[in-house]
Amino acid sequence: MNKPNRIYLSSPHMGGTEIKYVNEAFETNWIAPLGPNVAGFEAALEDYLGEGNHVAALSSGTAAIHLALILLGIESGDEVICQSMTFSASANPIVYQGAVPVFVDSESDTWNMCPVALEQAIKDRISKGKMPKAIIAVHLYGMPFKVDEIVAISKKYDIPLIEDSAEALGSYYKGKPCGIFGDISILSFNGNKIITTSGGGALVTKDPKVKEKTVFLATQARDAAPHYEHSEIGYNYRMSNICAGIGRGQMEALNGHVKLRQANHAFYTNLFKGVSGVTVFTEYTPEIASNHWLSCIVVDETAPFTAEALRLALEADNIESRPLWKPMHMQPVFKGSPFYGTSVSEDLFKRGLCLPSGSNLTTEEKQRINIVIEQLV
Ligand SMILES: *Cc1c(COP(=O)(O)O)cnc(C)c1O
């Protein structure tokens with residue numbers, strides 16, 4: 001028997017106008033890490049984020065975090081606080097700089113950095129003679145972290161905040177878009193994100209000089225001279241004009257994608273309404289709106305199935321699902337890194353599951369998911 005088509009967790013979804021911008025790049029021979037699409041994509045993002053923010057389009061979200069750390073002067077031996085429950089790309093650039101990650105637990109309502117554990121971590125590091133140099137907080141699965149609380153702690157101790165908004169373009173906190181709350185913020189346009197440039201990212205800043213410096217560092221740090229003159233180490237992190245063309249088209253589709261992902265969340269909320277022990281990850285206050293990049297659940301002992309049993313049942317029908325991000329303090333590569341908090345993120349990892357959430361999920365595909373789940377309850 002033929003297997004049914006694979007249903008993915010989150011796959012690229014083109015809006016239709018991307019190819020026009022890519023063709024323009026070909027027709028004008030702007031096949032380079034600069035050109036009108038790069039400027040146009042940055043302008044579209046700046047327009048979307050508002051409040052005079054400046055955007056530098058880069059080759060990836062990881063590159064954006066790396067440059068953010070460099071711009072904040074993070075050096076070998078420095079300590080950087082990072083949300084433990086996240087994708088490894090939030091933390092890896094700390095190590096690229098030779099700095100030391102200090103991980104902080106999540107809280108159970110937001111799944112994001114716990115402000116109480118954050119302050120404990122800062123106080124303890126200070127008592128050990130180490131003032132943390134930056135804080136990296138993440139809007140997991142598009143759910144905004146407690147911006148007011150985290151920003152207040154960042155200001156109180158004068159430690160700059162890097163807002164990892166890789167999963168949260170299109171999410172809102174108290175009426176403002178995620179991606180503007182950090183001293184530096186970052187976005188990702190990887191293939192699985194809410195919009196994609198096939199691979200790409202961006203750094204967001206309020207300071208035009210910081211954008212200028214970002215572009216300088218991302219294009220090999222060339223000083224002003226007719227020959228190649230360098231007084232700083234540079235990187236090859238700029239977005240190409242081809243990728244930015246895809247991004248311009250994707251920006252025209254963004255609002256539609258957000259609505260479709262939110263509709264997926266409503267579908268799962270309805271699907272699990274009568275199932276005991278299953279909680280769909282939902283806004284913890286009406287003051288925020290998640291883009292619901294991924295729809296996620298946690299499954300407790302009273303449920304008729306475990307998260308792993310559900311994952312295997314979906315897989316048997318060629319439907320992809322995945323456990324939640326395994327916290328960084330549990331990862332072999334970060335063994336021995338300091339960690340502050342309790343067992344919130346560890347417990348979420350054990351009981352959680354991400355479900356198919358693409359903005360291109362069809363009615364028929366939802367029907368297949370529905371059938372698998374109905375057979376388990
Ligand atoms: C995807 C992602 C990144 C990295 O972005 P890339 O563009 O894939 O390098 C960073 N942080 C989080 C939370 C992400 O989900």
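Okay, here's what the table says:
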read-out	value
Residue match in segment 308-321 (condition: touching a residue at least 40 places away in the same chain (Cβ under 8 Å), within 22 Å of the chain's Cα centre (by Cα), surrounded by fewer than 21 Cβ atoms within 10 Å (Cβ to Cβ) and not assigned by TED's automatic domain parsing to the domain that holds residue 169)	yes
Segment 184-227, subset of a type in the set (Val, Ile, Thr) and within 12 Å of the ligand (Cβ to nearest atom), residue farthest from the chain's Cα centre (by Cα)	197
Unique residue being within 15 Å of the ligand (Cβ to nearest atom) and under 26 Å from residue 291 (Cβ atoms) when the list is 115, 101, 144	144
Residue check for residue 230: assigned to a loop (DSSP other than H, G, I, E, B) and more than 16 Å from the ligand (Cβ to nearest atom)	yes
Filter pass, residue 336 being crowded, with 21+ Cβ neighbours inside 10 Å, at positive phi and not polar (S, T, N, Q)	no
Residue, surrounded by the fewest Cβ atoms within 10 Å (Cβ to Cβ), within segment 280-296, restricted to residues that are in contact with a helix residue (DSSP H, G or I) (Cβ under 7 Å, 6 or more places away or on another chain) and in a strand (DSSP E or B)	280
Elements of type helices (runs of 4 or more DSSP H) in segment 1-113, at least 1 residues being touching a Phe, Trp or Tyr at 6+ places or on another chain (Cβ under 9 Å), of a type outside the set (S, T, N, Q) and closer than 23 Å to residue 148 by Cα	61-71
Condition check for residue 261: in the same structural domain as residue 82 (by TED's automatic domain parsing) and out of contact with any strand residue (DSSP E or B) (no Cβ under 7 Å at 6 or more places or on another chain)	no
Flag if residue 33 is touching a residue at least 40 places away in the same chain (Cβ under 8 Å) and over 21 Å from residue 190 (Cα atoms)	no
Qualifying position, being of a type in the set (Asp, Glu), within 12 Å of the ligand (Cβ to nearest atom) and in contact (Cβ under 8 Å) with a residue 12 or more places away in the chain, among 109, 124, 78, 164	164
Some residue of segment 270-290 being within 30 Å of residue 35 (Cα to Cα) and of a type in the set (S, T, N, Q)	no
Count of residues meeting criterion [of a type in the set (Val, Ile, Thr), farther than 13 Å from residue 356 by Cα and touching a residue at least 40 places away in the same chain (Cβ under 8 Å)] in segment 251-304	5
Test: residue in segment 31-53 that is among the small types (Gly, Ala, Ser) and within 16 Å of the ligand (Cβ to nearest atom)	no
Any hit, segment 235-242, residues being without any contact (Cβ under 8 Å) to a residue 60 or more places away in the chain and in the same structural domain as residue 73 (by TED's automatic domain parsing)	no
Any hit, segment 138-158, residues being within 15 Å of the chain's Cα centre (by Cα) and within 30 Å of residue 221 (Cβ to Cβ)	yes
Complete set of residues in segment 145-201 that are hydroxyl-bearing (Ser, Thr, Tyr), touching a helix residue (DSSP H, G or I) at 6+ places or on another chain (Cβ under 7 Å), over 18 Å from residue 57 (Cα atoms) and not in a strand (DSSP E or B)	157, 171
Filter result for residue 346 (among the acidic types (Asp, Glu), part of a helix (DSSP H, G or I), crowded, with 16+ Cβ neighbours inside 10 Å and at pLDDT 95 or above)	yes
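The values are calculated or read from the model by the stated rules, or taken from the named source; none is laboratory data. Everything numeric in this text was worked out from a predicted model, so none of it was measured. All Cβ positions, glycine included, derive from the backbone under ideal geometry; neighbour counts span all protein chains shown.
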